[in-house]
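What follows is one structure encoded as structure tokens, with my remarks underneath.
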Amino acid sequence: MNLSDVKSAKRLDPPKIVVYGGPKVGKSTFGAGAPGPVFIPLEEGLCNIDVPAFPLCTKWGEVQDAIGELGSQEHAYRTVIVDSLDWLEPVIWAHVCENARVSSIEEVGGGFGKGYVEAGAVWRDFLAGMDWLRAKGMTPILICHAEVRKVDQPDAAPYEMASLKLHKRSLALVQEWADVIGYAKHGVHVSESKGDFGKKTTKAMATGKRELCVDHHPAYVSGNRYGIRGTLPLDWAAFSAALTAARS
């Protein structure tokens, strides 16, 4: 190792993408719009989308097999979509429990959170599998549902924000892994009006648009490593254009 080995760390590898949000907002449709998509499904929900997909995976070994096929066989698929992470999590827990010969993740290793530590090792294997496919030129898109969580701050009042519907250990691993975390939501227009006695009334109306928030925001977990700003349409073409512009 010497100074002649020092080169720019910037590369144009496929982005590692996480998209999460409420039900029926269009997360799977976003993934289906990516180039050459193939789904690894862990929940029913693709019946109305004409897209290539492996059979429904209900065991960890089946997820491993799907990743192994994509990594070892010749094919034309360019994007792998895992749908969804919050359905993958109980599959991972069941695998950990089976190995430990217990019935609950809380019982693994005698308790005290050891089961979640064991599950973390399986999560790392899964994310390593996504990195393997990425190294072969595939773009990984991991889909997840959302939940609202309380955020405690040492220097301010607590508040609530939308986050991925995962255990805190697996959530931390996924967040660290991702290049892009996008929060998918329905567009909302909020208006205020004055009623009787000057009382303010707030109304929220859907705009009909579906949005993908990829910039940092205190109301939800989101962000990216490319400097993409603001909110985009929940559409692969719009996201791809923003990514290309940011990279250039």
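Scan region 143-160 and give yes if some residue there is of a type outside the set (V, I, T) and closer than 21 Å to T58 by Cβ, otherwise no. Among the residues of region 143-160, at least one is of a type outside the set (V, I, T) and closer than 21 Å to T58 by Cβ, which makes the answer yes. Could you go through region 34-48 and let me know if any residue there is within 14 Å of the chain's Cα centre (by Cα), assigned to a loop (DSSP other than H, G, I, E, B), modelled with pLDDT under 95 and surrounded by fewer than 17 Cβ atoms within 10 Å (Cβ to Cβ). Scanning region 34-48 turns up no residue that is within 14 Å of the chain's Cα centre (by Cα), assigned to a loop (DSSP other than H, G, I, E, B), modelled with pLDDT under 95 and surrounded by fewer than 17 Cβ atoms within 10 Å (Cβ to Cβ). Only one entry in I181, I143 is at pLDDT 95 or above and within 19 Å of L42 (Cα to Cα), namely I143. Across region 65-113, the qualifying residues are those that are of a type in the set (D, E) and within 18 Å of the chain's Cα centre (by Cα), and the one among them that is nearest to K24 (Cα to Cα) is D83. It is to be established whether one or more residues within region 51-65 are open to solvent by 50 Å² or more (accessible area, probe 1.4 Å), touching a His at 6+ places or on another chain (Cβ under 8 Å) and outside any helix (DSSP H, G or I). Scanning region 51-65 turns up at least one residue that is open to solvent by 50 Å² or more (accessible area, probe 1.4 Å), touching a His at 6+ places or on another chain (Cβ under 8 Å) and outside any helix (DSSP H, G or I).
Within the span defined as region 126-145, one or more residues are basic (K, R) and either under 19 Å from Q175 (Cβ atoms) or touching a strand residue (DSSP E or B) at 6+ places or on another chain (Cβ under 8 Å) (or both). K209 meets all of the listed conditions (1) in contact with a Pro (Cβ under 9 Å, 6 or more places away or on another chain); (2) under 22 Å from G26 (Cβ atoms); (3) modelled with pLDDT of 95 or more but one, namely (3). Among residues that are closer than 28 Å to F30 by Cβ and modelled with pLDDT under 95, M130 is not included. Of the residues making up region 15-57, those that are in contact with a helix residue (DSSP H, G or I) (Cβ under 8 Å, 6 or more places away or on another chain) and of a type in the set (V, I, T) number 6. Checked against the criteria, E107 counts as open to solvent by 70 Å² or more (accessible area, probe 1.4 Å) and not in a strand (DSSP E or B).
The values are calculated or read from the model by the stated rules, or taken from the named source; none is laboratory data. What you see is a predicted model; the values in this text were computed from it and never measured. Here Cβ is always computed from backbone atoms with ideal geometry, including for glycine, and neighbour counts include all displayed protein chains. Note: accessible area is taken over every heavy atom of the protein model, side chains too, but ligands, DNA and RNA are not part of it. Shrake-Rupley method; radii C 1.70, N 1.55, O 1.52, S 1.80 Å.
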